[in-house]
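Rule-based calculations on the coordinates, nothing more; no lab input. Remember, predicted model here, so these are calculated numbers, not experimental data. Every residue, glycine as well, gets a Cβ built from its backbone with ideal geometry; the counts of neighbours run over all protein chains shown.
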Amino acid sequence: MNVELKRWRILVASTLINICVGAVYAFSIFALPLAKVFHATMPEIMMAFTINAAISPIPMILGGKLVDKGGAKTAIFLGGSLFGIGFILSGLATAPWMLYITYGLLAGIGQGIVYSSTIGNSVKLFPDKRGLAAGIVTAGYGGGTIVIAPIANAFIADKGVQPTLIILGIAFLVIILSCGLLVKACPVGYVPKGWTPPAATVKQGGGINVPWNEMIKKPLFYVIACMFLIGALSGMMVTSNASVIGQTMFGLSAATAALYVSLYSLSNCLGRVFWGAVSDRIGRTKCLMAIYLVIAVMMLIIALSTSVAGFAVAIVGIGLCFGGTMGIFPSIVGEKFGMKFYGVNYGVTFIGYSGAAFFGPRIANSVAAANDGMFTGAFYIALVISLVGFALTFIYKAMESKTTITPAKVA
């Protein structure tokens, strides 16, 4: 089997792996049952999800470092083991603070290592289809809940929430480690057959390899990180609370709300592939402009709607845009700062997502707690922030056209 065919096999295996670690997005399915088991408040339980997502840059940098050194398979085995064990131990927890360690730290560290290794290796394997490859492999991460949400809900109804976490943890261990055997590291300097790399544009940073310690000195990096945060913020608000919003604001049953969580996840999944492929054709900046505007419209719809139909339209739109954000920024980092240090650089830039993971759920839950469980105020906050993101794209475009990035001296 030639390298050209192997890279597609690796992409498929990486996507399956990400479906497993993407199960963290189904946390809203576990949240209410866990709150009842531990006699805890929702903010106390949601802190486990917040910790899980907020620590992502740390393990992503570790995973990225392994990928940059050709250790993608090692990273997947390490991260996959931590992730599965984290779920299993979450099922054995007896208090919310234990979830902070098992689900928050262990599963969070494992998830970050796996995610950075699959996406970093895949993007390197597809320099000719970078947006599409990033979209597909991150679609697995975003789409894991499509399968996990209804399965988890059924198991919870039959066996309880903690046995469900144990069963899922065992399944994740088996699947991730099995698929990890199929992953091979991208060869250094790999160029797909029949593809000619475009001439690098130094003015825009194309083809230039910048290490993380030089990258963080550039104003362009901070604009990119801020746009990442804003693009992911609304998605994190809904991701962590989709089931709760459906039940408390639109009167859905737990089972029906789980279906809407899956609908959101499907949109998230499709958005990564769709926007990633489109951005390959029309450019990343135009895609981001469209994403921020659609987010603003969807937030207005969900804030004003009193019908289940409005809820459905809004979560589909928000899911598509959240997915688009996650699919586009891996390509932006590679194009602006090069591929040699891509694994670490993307891990550092992921601080934008972590900011969204930290502030998104907290904003949503704080507003809801102060307004009898209503999230309306949080939706308006996200609307305004998305318009700020739209304005930032113009600043990014101006800086991008003026920025000259000097190649780093690599030993």
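For K69, the lysines whose Cα falls under 16 Å of its own Cα, not counting residues fewer than eight places away in the same chain, are K124, K184, K340. When every Cα-Cα distance of the chain is counted in 10 angstrom steps from zero, the calculated P(r) takes the values 5, 25, 34, 24, 10, 2, 0 percent. Counting every C-alpha pair in the stretch 1-142, the share spaced more than 26 angstrom apart comes to 28%. With bins 5 Å wide beginning at 0, the percent of Cα pairs of the stretch 1-54 falling in each bin runs 4, 17, 18, 14, 11, 9, 8, 7, 5, 4, 2, 0. Peptides 264-271, 373-380, 278-285 ranked from most to least packed give 264-271, 373-380, 278-285, packing being the mean of other C-beta atoms within 10 angstrom over each peptide's residues. If a paramagnetic tag sat 7 Å from the Cα of A254 along the Cα-Cβ line, which residues of the stretch 152-176 would have the backbone N under 14 Å from that point? The answer is 152-165, whose backbone nitrogens lie closer than 14 Å to the label point. From most to least packed by mean Cβ count within 10 Å, the peptides 317-327, 62-72, 359-369, 345-355 give 317-327, 345-355, 62-72, 359-369.
Scaling the Cα radius of gyration of the stretch 279-336 by the globular reference 2.2 N^0.38 Å produces a ratio of 1.30.
Pairs exceeding a 25 Å alpha-carbon distance, out of K6/K73; K65/K286; K73/K286; K129/K286; K193/K397; K73/K218: K65/K286; K73/K286; K193/K397; K73/K218.
Let's see if you can work this out: charge +1 on each Lys and Arg Cβ, -1 on each Asp and Glu Cβ, no other charges. What is the dipole magnitude of the chain about its Cα centre, in debye to the nearest 20?
Numbers: 26 positive and 10 negative charges, 269 e Å.
Here the size comes out at about 1280 debye.
Each label point was placed 7 Å from the Cα along the Cα-to-Cβ direction; for I395 and L182 their separation is 4.3 nm. Taking amide hydrogens as placed 1.01 Å from N in the peptide plane, the amide H of N209 sits under 5 Å from those of A408, each at least 5 positions away in sequence or on another chain.
Helix content alone sets the calculated 222 nm mean residue ellipticity of the chain: runs of n ≥ 4 DSSP H residues at -39500 (n - 2.57) each, divided across all residues, give -26000 deg cm²/dmol. With all pairs of separate Cα atoms included, the stretch 330-379 yields a Kirkwood hydrodynamic radius of 12.8 Å.
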